[in-house]
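Nothing in this text is a laboratory measurement; each read-out follows from the coordinates by a stated rule. Just so we're clear, the structure is a prediction, and the values are computed from it rather than from any experiment. Every residue, glycine among them, receives a Cβ derived from its backbone with ideal geometry; neighbour counts consider all protein chains shown.
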Amino acid sequence: MRLFYCFELPQEVRAQLYEIARPLRQAEARVTWVRPENFHVTLKFLGEVEPSAVDALKALGAQIAAKFPKSEITFDTVGAFPDLRRPRVLWIGSQQAPQVLFDLQASLERELTKMGFEAERHFAPHVTVGRVKDEHTARVGQFARLISQIAPFACHAQITHITLMESQLSPSGAIYTPVATWELT
Ligand code: 3AM
């Protein structure tokens with residue numbers, strides 16, 4: 001099973017983020033746009049995991065959720081990974097994500113490292129809205145231009161749960177199915 005931990009987002013937040021990203025969709029580039037129902041904040045991508053490991057991953061999700069409070073994130077920034085000159089992943093993120101989200105992610109990551117999963121370089125909470133499929137768009141610089149057309153925004157989202165999500169790849173995009181969800185404290 002291909003699994004990851006994430007924060008799911010309320011439907012109205014996903015709809016707002018989809019609207020905020022609208023100018024990007026005018027880009028003349030091959031981009032796979034993420035469907036708004038799939039918008040989420042990835043905490044940790046696990047990759048292919050043996051079904052026999054799922055019980056331990058569920059126990060860990062419950063353990064982490066019991067230790068951290070609900071919080072709020074304010075999405076206020078649009079950007080690209082690795083950067084706007086080489087846009088591969090188009091995202092909406094937060095310049096002021098609460099420390100508790102970083103602490104939760106670090107705690108999860110620490111436990112997963114003990115279980116043999118590889119550590120990320122660093123955690124940058126974001127919602128991926130599109131994946132650029134052709135490299136040459138980087139040279140055109142059009143995403144920087146389109147982003148500059150987006151009016152300042154502040155989209156508040158309550159972070160209330162952690163979810164262990166299964167991702168099934170299909171030609172029409174990933175299909176995400178929650179395996180388990182835990183309410184934060
Ligand atoms: O939410 P984002 O887009 O940041 O890009 C994938 C997505 O993250 C990421 O895991 C999330 C759910 O699919 N992902 C997919 N394959 C990956 C890999 N091999 C990966 N992250 C790291 N390494």
Report the gain in length on full extension from residue 45 to residue 170: 0.36 nm times residue separation, minus Cα-Cα distance, nm rounded to one decimal. 43.2 nm
Under 17 Å Cα-Cα from residue 133, which aspartates and glutamates qualify once same-chain neighbours fewer than 8 residues away are excluded? 28, 83
Residue of 127, 31, 49 that the Gaussian network model of the chain assigns the largest fluctuation, springs spanning Cα pairs under 10 Å: 49
Need one number: nm distance between label points at residue 66 and residue 122, each 7 Å from Cα along Cα→Cβ, rounded to one decimal. 3.3 nm
So which lysines can residue 58 reach, going by Cα to Cα under 26 Å and dropping same-chain residues fewer than 8 places off? 44, 67, 70, 114
Calculated from DSSP H runs of 4 or more alone, at -39500 (n - 2.57) each and per residue, what is the 222 nm mean residue ellipticity of the chain, nearest 500? -8000 deg cm²/dmol
For the stretch 43-185, what does the convex hull of the Cα positions come to per residue, in cubic angstrom? 128 Å³
Can you tell me the 0 to 90 degree angle between the C-alpha axis of helix 54-67 and the longest principal axis of the chain, rounded to 10? 80 degrees
